[in-house]
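A single structure is presented below for examination.
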Amino acid sequence: MFRIRTGLMGVAAGLAIGLLGMAAPAAHAQGRDAVRCGSDDGRFTRCQVPWRDAELIRQESNSPCTRGQTWGVDRGGLWVDRGCRGQFVEMGRGGYRPPDGGYYPPPGYRPPRDDDDDGGWRPGPDWDREIRFSCESGDKRYQFCQVDVGGRGRVRLLRQLSGSPCEEGYSWGWNRAGVWVNRGCRGLFSVDRRW
């Protein structure tokens, strides 16, 4: 009886190893090469990738890496900002659509080039200012309210105007191109626009 159990255990172990050996090439074939991209000194940085979309698989910075705010993918490639540094891989076709139905960043959004502060075009003296506006998620659907926040700007919720909660990162958020709302959030926002 002991020999039969040992023999069966050996066969089971052999099958398991064989199956793992067969699974490894499939996993490797589906494996995606990671690209490191980092925002040094909090500056906007672009990393060239041949992908249409990406996902963060490992954050390597103390600064938060939040899609649409401190990293994203647009027609110019993968970009990071405000100290975000991490490893990214290609995401499946069709773009990133989180469970709430939103899309980050919005289609066509193109952050400023990383050489804007090196003698390139600069806005007029009245560009740095506060802008207040309301943004509403009608029918509890994703809505993007476009406003140029600038590379060093910030956005805050001044007042919630809806019965549905407005929680940053859950039902509202922002990036350089403006503010997004979802899940019925309606609020009065303040953009501290800074070049």
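For the range 55-94, which whole percent of the accessible surface, found with a 1.4 angstrom probe, sits on carbon and sulfur atoms?
Reported share for carbon and sulfur atoms: 38 percent.
Counting heavy atoms of the protein chains only and a 1.4 Å probe, report the per residue accessible area for the range 116-195 as a whole number of Å².
With all protein chains present, the range 116-195 gives 56 Å² per residue.
For the range 44-53, what does the Karplus curve 6.51 cos²θ - 1.76 cosθ + 1.60, with θ = phi - 60°, yield as ³J(HN,Hα) per residue in whole Hz, taken in order and with x for Gly and Pro?
So the Karplus estimates, Gly and Pro as x, are 5, 9, 10, 10, 6, 9, x, 8, 8, 7 Hz.
Let me ask something else about it. Would you rank Thr70, Thr45 by solvent-accessible area, highest first, keeping every protein chain in place and using a 1.4 Å probe?
Ranked from most to least accessible, the order is Thr45, Thr70.
The values are calculated or read from the model by the stated rules, or taken from the named source; none is laboratory data. Everything numeric in this text was worked out from a predicted model, so none of it was measured. Note: areas computed on protein heavy atoms with side chains; ligands, DNA, RNA excluded. Shrake-Rupley method; radii C 1.70, N 1.55, O 1.52, S 1.80 Å.
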